[in-house]
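Below is one structure, written out as C-alpha cells; the observations come after it.
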Amino acid sequence: MDAQDQAILEELHRVEVEIEDVQVQIQMLLEQQEKLHERQSELKTLLEACKGSGDPVTDDASTTVENWSGQFEWDSEADDVRFNVFGISTYRANQREIVNAIMSGRDVLVIMAAGGGKSLCYQLPAILRDGVALVVSPLLSLIQDQVMGLTALGIPVHMLTSTTSKEDEKFIYRALEKGEGDLKLLYVTPEKISKSKRFMSKLEKCHRAGCLSLISIDVCIFLKKIIIFILDSEVRLSISVLSFSWLSIVVGLVVLIQMC
C-alpha cells in the first residue's frame with residue numbers, strides 16, 4: 001500500500017467516525033424534540049384549565065425562599081470531608097449555603113471576590129455526590145494547579161486538555177462511558193467542549209448512566225483578552241446542556257464568577 005492509499009484510508013476512517021458522531025447527535029436532538037413536544041402539550045392543557053377556572057397561573061416554587069443555612073442530612077459528612085480532606089476548619093462567608101444549594105440539586109450562580117473560596121463550593125459537593133463532576137475552566141495553568149492540589153489531597157481528579165496524554169485520555173473516556181476507574185472531578189477547557197464531538201458524546205453517555213454529578217463553569221471575567229472567546233464557548237455549552245436535557249434535578253449547574 002503506497003502513501004496515497006494510506007492517506008485515503010485514514011481520511012475515510014475519520015469521516016466514518018464523524019458520521020457516527022453526527023448520527024448520535026441527531027438521535028439526541030430527536031429525543032429532545034419529542035420531550036419538548038410533550039411538554040408543549042402539557043403546558044397548553046394547563047393553560048386551558050387555568051383559563052376555564054379563572055385562576056391565574058402560579059408557581060409556588062418561585063415564591064418559596066429556602067433556608068440554606070439550616071440543617072441538612074449531609075452536614076456531618078460535609079464537615080468531615082471539609083476538615084479531614086481539605087484541611088479547612090470552618091466555612092467562609094456563604095460557602096455553606098452554596099454547598100447546600102448545590103447538594104439539593106439547585107442551579108447556582110456564584111459571584112465572589114478573588115480569594116473568596118469559590119473552588120470549595122463545587123469541589124466539596126463533587127466529592128459528596130456520586131459520579132463525576134465536570135469543571136469547565138478557561139485557563140490551562142489554573143486547571144493544572146487545581147489538579148495538582150487535589151491530587152496531593154488524594155482526590156481522584158483528571159484534566160482533559162490539549163496536553164493530556166493518550167493513555168490518560170483513554171482512562172477518562174472509559175470512566176465517562178463505562179464508569180471504569182476512580183474519577184470524581186474532570187477539568188476541561190471551553191475549547192474541548194466546543195470542538196470535541198467525541199468528548200460530548202462520552203459525556204452524554206455518562207449523564208444517561210446517571211454518573212454525571214454536576215457541572216461547574218469557572219469564569220474569571222477580569223481576563224479581558226480571552227473573555228469574548230470564553231463567552232462564545234459557554235454559549236455553545238449552554239446550548240449543549242439544553243439539547244441534552246441536563247435538568248437541575250439531575251445535574252446541578254454551577255456558574256462561578258470571580259471579581260477583582
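The values are calculated or read from the model by the stated rules, or taken from the named source; none is laboratory data. Just so it is clear, the model here is predicted, and its values are computed rather than measured. Methodologically, a virtual Cβ is constructed for each residue, glycine included, from the backbone with ideal geometry; neighbour enumeration extends over all protein chains shown.
Listed values, structure above:
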{"read-out": "Criterion (in the same structural domain as Glu97 (by TED's automatic domain parsing), of a type outside the set (Asp, Glu), surrounded by 15 or more Cβ atoms within 10 Å (Cβ to Cβ) and touching a Gly at 6+ places or on another chain (Cβ under 6 Å)) met by exactly one of Ala133, Ala175", "value": "Ala175"}
{"read-out": "Residue match in region 162-171 (condition: surrounded by 14 or more Cβ atoms within 10 Å (Cβ to Cβ), closer than 24 Å to Val85 by Cα and touching a strand residue (DSSP E or B) at 6+ places or on another chain (Cβ under 8 Å))", "value": "no"}
{"read-out": "Residue check for Ile88: β-branched (Val, Ile, Thr), surrounded by 14 or more Cβ atoms within 10 Å (Cβ to Cβ), farther than 20 Å from Leu212 by Cβ and assigned by TED's automatic domain parsing to the domain that holds Lys197", "value": "yes"}
{"read-out": "Check on Gln32, within 28 Å of Leu203 (Cβ to Cβ) and surrounded by 10 or more Cβ atoms within 10 Å (Cβ to Cβ)", "value": "yes"}
{"read-out": "Members of region 119-150 found to be under 11 Å from Leu183 (Cα atoms) and assigned to a helix (DSSP H, G or I), listed by number", "value": "Ala126, Ile127"}
{"read-out": "Members of region 178-208 that are outside any helix (DSSP H, G or I) and crowded, with 18+ Cβ neighbours inside 10 Å", "value": "Leu183, Lys184, Leu185, Leu186, Tyr187, Val188, Thr189"}
{"read-out": "Cross-chain or 6+ apart pairs with Cβ under 7 Å, region 110-137 first and touching a residue at least 12 places away in the same chain (Cβ under 8 Å) and closer than 13 Å to Arg96 by Cβ, then of a type in the set (S, T, N, Q) and surrounded by fewer than 24 Cβ atoms within 10 Å (Cβ to Cβ)", "value": "Gly117/Gln95; Leu120/Gln95; Cys121/Gln95"}
{"read-out": "Top-ranked residue in region 95-118 [being part of a strand (DSSP E or B) and surrounded by 21 or more Cβ atoms within 10 Å (Cβ to Cβ); ranked as nearest to the chain's Cα centre (by Cα)]", "value": "Val108"}
{"read-out": "Test for Ile155: is it part of a loop (DSSP other than H, G, I, E, B), touching a helix residue (DSSP H, G or I) at 6+ places or on another chain (Cβ under 8 Å) and either not charged (D, E, K, R) or not assigned by TED's automatic domain parsing to the domain that holds Val17 (or both)", "value": "yes"}
{"read-out": "All positions within region 151-197 that are free of Cβ contacts under 8 Å to residues at least 60 places away in the same chain, farther than 19 Å from Cys211 by Cβ and of a type in the set (A, V, I, L, M, F, W, C)", "value": "Ala152"}
